[in-house]
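**Q** Shown below is the structure under consideration.
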Amino acid sequence: MLVWLEQDHWSGSGAERLWAKPLGDDLYEIRNTPWYAYDLNWGDTVRCEGLSEAELPIVVEIVEPGGHQTLRLFFEDIPEVERESVLDQLNRLGATYENADRALYSLDLEPGIAIEPILDLLARQAEQTGLSWETGWTSKADD
């Protein structure tokens, strides 16, 4: 399926392809961690309308959040040994990750994984190594 990105997105891309499991009635379950799209996560159920030029269903709304959270790491100019150390620590805290290009990593936090220790680790690494990171959400709903 396809998600349109903001016109001036930092990636320079206009859209992102996501793996999805068809559920019927134009509903799909996201089956990978987004690299660029905000407010979408692994396991979310989305509704699609129409097809892109590549004949991919186009996401129009989230029907049911899956409970996962997405973060992104930017390891530019950080030595591999430091990168591997950070990734190992994140993995021990329960985060899984996918590697785009050895500089961009997308983190997935399953429901129930405590985000505070992960955010603390990322903040420390930003100060110590210059690691850049961001959340995959633009706003959080009040609990």
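The values are calculated or read from the model by the stated rules, or taken from the named source; none is laboratory data. The structure displayed is predicted, hence computed values, not measured ones. Note: ideal-geometry Cβ built from the backbone for every residue, glycine included; neighbour counts use all protein chains shown. Only protein heavy atoms, including side chains, enter the accessible area calculation; ligands, DNA and RNA are left aside. Shrake-Rupley method; radii C 1.70, N 1.55, O 1.52, S 1.80 Å.
**Q** If we keep just the residues of the range 92-128 that are among the polar types (S, T, N, Q) and assigned to a helix (DSSP H, G or I), which is surrounded by the fewest Cβ atoms within 10 Å (Cβ to Cβ)?
**A** Once the filter is applied, the top-ranked residue is Gln128.
**Q** Which of the residues that make up the range 44-83 are open to solvent by less than 70 Å² (accessible area, probe 1.4 Å) and either acidic (Asp, Glu) or closer than 18 Å to Trp133 by Cβ (or both)?
**A** Correct list: Asp44, His68, Gln69, Thr70, Leu71, Arg72, Leu73, Phe74, Phe75, Ile78, Pro79, Arg83.
**Q** Still on this structure: I'm checking my understanding of the structure. Among residues of the range 64-85 that are among the acidic types (Asp, Glu) and not in a strand (DSSP E or B), which one is nearest to Ala103 (Cα to Cα)?
**A** My answer is Glu76.
**Q** Separate question: Do the conditions hold for Glu6, that is, is it exposed (fewer than 15 other Cβ atoms within 10 Å of the Cβ), assigned to a strand (DSSP E or B) and without any contact (Cβ under 8 Å) to a residue 24 or more places away in the chain?
**A** So Glu6 fails the test.
**Q** Oh, and also: What residue, among those in the range 64-99 that are hydrophobic (A, V, I, L, M, F, W, C) and touching a Phe, Trp or Tyr at 6+ places or on another chain (Cβ under 9 Å), is modelled with the lowest pLDDT?
**A** Phe75
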